[in-house]
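The values are calculated or read from the model by the stated rules, or taken from the named source; none is laboratory data. Values in this document were obtained by computation on a predicted structure and should not be read as measured data. Reconstructed Cβ throughout: ideal geometry from the backbone, glycine too, with neighbour counts over all protein chains shown. For accessibility, only protein heavy atoms count, side chains too; no ligands or nucleic acids. Shrake-Rupley method; radii C 1.70, N 1.55, O 1.52, S 1.80 Å.
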Amino acid sequence: MALEMESMASEIGVSVPVLRFLLCFVATIPVSFTHRFVPSPFGKHLYAALSGAFLSYLSFGFSSNLHFLVPMLLGYLTMVLFRPYCGILTFLLGFGYLIGCHVHYMSGDAWKEGGIDATGALMVLTLKVISCSMSYNDGLLKEEELRETQKKNRLIELPSFIEYVGYCLCCGSHFAGPVFEIKDYLEWTERKGIWASTEKGPAPSAFGPTIQALLQAAVCMALYVYLIPQYNISGLSGPAYQEWGFWKRLSYQYMSGFTARWKYYFIWSISEAAVLISGLGFSGWTDTSPTKPTWDRAKNVDVLGVEFAKSSVQLPLVWNIQVSTWLRHYVYDRLVQKGKKPGFFQLLATQTTSAVWHGLYPGYIIFFVQSALMIAGSRVLYRWQQAIPSNMVVVKNLLVFISFAYTILVLNYSAVGFMVLTLQETLALYGSVYYIGTIVPIVLILLGNVIKPAKPSRSKARKEQ
């Protein structure tokens, strides 16, 4: 068996651990489909827990489940013993353990070299554990103190331990997401809420969306396999790169970031298919006539939305969607004081949390600080665009194009740090294009403090920001 795995891995150009992970990852689809036929809510919770733990064992080894058990136990104990403080305690303990694993395993180096370990799955699991504790903490608060999302997701009663573990490991979603709320998981398992039979009929068939996700995964992998030999990390440090001029270096940085993204598109498309086929991906019905089902709960990326984003502000809405949603609900929104508007501090704190969640590599931290600058600069462009009178169509469209070009430039420039990880390589590659992706956002932010157009009167325009 080991020889067959080695032979198969060498044929497709990956390591044996990565091949083992990919096989288990794809297996989440039939495992999730089988969940539909397990009788009784208790049986479904037990199946979710055992199947998730078994896939983790096959993919990463027995030690992975021990690592997963630590934040799960810490989170559950804080809910049992310290409910008034369980949200913040679980946040600190969960992130503390995750950071310790990042430092111990130096997982970024393994990922960079084509390896894999359980730390990536632990990252997703940490978010699920924290959201559960915070939602249980919110159950103590008065409704008038809560935002709409908190009201929707809060837990009044403590989930049983088997419900909790089933939520954490369900559908193999701890491998690569998506992150979803425990309240949704419980309603889906018990066929309540939007999963209950109504006048609109039972929950719709998930086969169509699942096939679509699988086709997207196939296209993404094909493009990645085609592009990666030509545009990869090693090319950024090769002798040829040093001999190129500014424009060719900048274009290679763009293509390297563009190529790397297709790997993530593939992974998220597979995880989307697994959650969709289980039925959990169903997120309700449209208000149109006739009504149509929506499947947003499982969606982690909008490929075209990323590649053709007209503004950097749109990127968190289309890239790693469920993690971005988690960061907004459990970090960004909770840092905004009642009656006050969010500012750059909340944005920077959220991006820093995201950086630490990925790992303590300088490249991650620089990337997410860059992201905060990128979004802040994009907001300046948006304000200028909204201030242009509607009859000046050419000028308005020019600003839209500038915002699109700005997003492409700064995103792919910033992504270099995410790929190479080390401080020395990141700064050297940024310097090779004269720090253009850092200077442009800072200049825009400074200009935004000088050129302050009147705020648009339309409430819709304000809401988009």
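The table that follows gives values for the structure above.
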| quantity | calculated |
| --- | --- |
| Matching option when the condition is touching a residue at least 12 places away in the same chain (Cβ under 8 Å) and on the phi > 0 side of the Ramachandran plot, among Gly284, Gly235, Gly305 | Gly284 |
| Matching residues in region 242-254 - criterion: being touching a residue at least 60 places away in the same chain (Cβ under 8 Å) and closer than 16 Å to Ala415 by Cβ | Arg249, Leu250, Gln253, Tyr254 |
| Pick from region 298-312, criterion assigned to a helix (DSSP H, G or I) and among the β-branched types (Val, Ile, Thr), ranking: surrounded by the fewest Cβ atoms within 10 Å (Cβ to Cβ) | Val303 |
| Members of region 106-119 that are surrounded by fewer than 21 Cβ atoms within 10 Å (Cβ to Cβ) and either at pLDDT 90 or above or among the small types (Gly, Ala, Ser) (or both) | Gly108, Ala110, Gly114, Gly115 |
| Output for region 66-96, where each listed residue is within 22 Å of the chain's Cα centre (by Cα) and open to solvent by less than 60 Å² (accessible area, probe 1.4 Å) | His67, Phe68, Pro71, Met72, Gly75, Gly87, Thr90, Phe91, Gly94, Phe95, Gly96 |
| Entirely in region 53-162, the helices (runs of 4 or more DSSP H) that have 2 or more residues that are in contact with a Lys or Arg (Cβ under 6 Å, 6 or more places away or on another chain) and not assigned by the TED database to the domain that holds Ile228 | 119-138 |
| Yes/no for Lys248 being surrounded by 18 or more Cβ atoms within 10 Å (Cβ to Cβ), in a helix (DSSP H, G or I), at pLDDT 95 or above and of a type outside the set (A, V, I, L, M, F, W, C) | no |
| Meets criteria (in contact with a helix residue (DSSP H, G or I) (Cβ under 9 Å, 6 or more places away or on another chain), surrounded by fewer than 16 Cβ atoms within 10 Å (Cβ to Cβ) and either over 19 Å from Trp268 (Cα atoms) or among the hydrophobic types (A, V, I, L, M, F, W, C) (or both)) for Leu19 | no |
| Any hit, region 151-163, residues being more than 19 Å from Val275 (Cβ to Cβ), over 21 Å from the mean Cα position of the chain (by Cα) and open to solvent by less than 20 Å² (accessible area, probe 1.4 Å) | yes |
| Members of region 413-423 that are open to solvent by less than 40 Å² (accessible area, probe 1.4 Å) and over 13 Å from Leu236 (Cα atoms) | Ser414 |
| Residues being in contact with a Gly (Cβ under 6 Å, 6 or more places away or on another chain) and at pLDDT below 95 - total across region 419-444 | 2 |
| Matching entry among Asp287, Asp302 (being charged (D, E, K, R) and over 23 Å from Ser414 (Cβ atoms)) | Asp287 |
| Among the residues listed as Phe282, Phe344, the single one being open to solvent by less than 10 Å² (accessible area, probe 1.4 Å) and over 27 Å from Gly235 (Cα atoms) | Phe282 |
| Single condition Thr119 does not satisfy, out of (1) farther than 21 Å from Ser354 by Cβ; (2) touching a His at 6+ places or on another chain (Cβ under 9 Å) | (1) |
| Single unsatisfied condition, Ser15 versus (1) at pLDDT 95 or above; (2) of a type in the set (S, T, N, Q); (3) more than 20 Å from Ser278 (Cα to Cα) | (1) |
| Filter result for Val380 (more than 29 Å from Thr259 (Cβ to Cβ) and surrounded by 15 or more Cβ atoms within 10 Å (Cβ to Cβ)) | yes |
| Residue in region 12-23 that is over 27 Å from the mean Cα position of the chain (by Cα) and among the aromatic types (Phe, Trp, Tyr) present | no |
| Filter pass, Tyr231 being over 16 Å from Ser32 (Cα atoms) and in a loop (DSSP other than H, G, I, E, B) | yes |
| Some residue of region 15-36 being outside any helix (DSSP H, G or I), in the same structural domain as Ile162 (by the TED database) and on the phi < 0 side of the Ramachandran plot | yes |
| Where Val103 falls short, out of the listed (1) modelled with pLDDT of 95 or more; (2) among the β-branched types (Val, Ile, Thr); (3) open to solvent by 40 Å² or more (accessible area, probe 1.4 Å) | (1) |
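Residue-by-condition table, conditions (1) surrounded by fewer than 20 Cβ atoms within 10 Å (Cβ to Cβ); (2) assigned to a loop (DSSP other than H, G, I, E, B); (3) modelled with pLDDT of 95 or more:
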position: Ser205; (1), (2), (3): yes, yes, no
position: Gln212; (1), (2), (3): yes, no, yes
position: Cys220; (1), (2), (3): no, no, yes
position: Gln242; (1), (2), (3): yes, no, no
position: Tyr252; (1), (2), (3): no, no, yes
position: Arg261; (1), (2), (3): no, no, yes
position: Phe266; (1), (2), (3): no, no, yes
position: Glu272; (1), (2), (3): no, no, yes
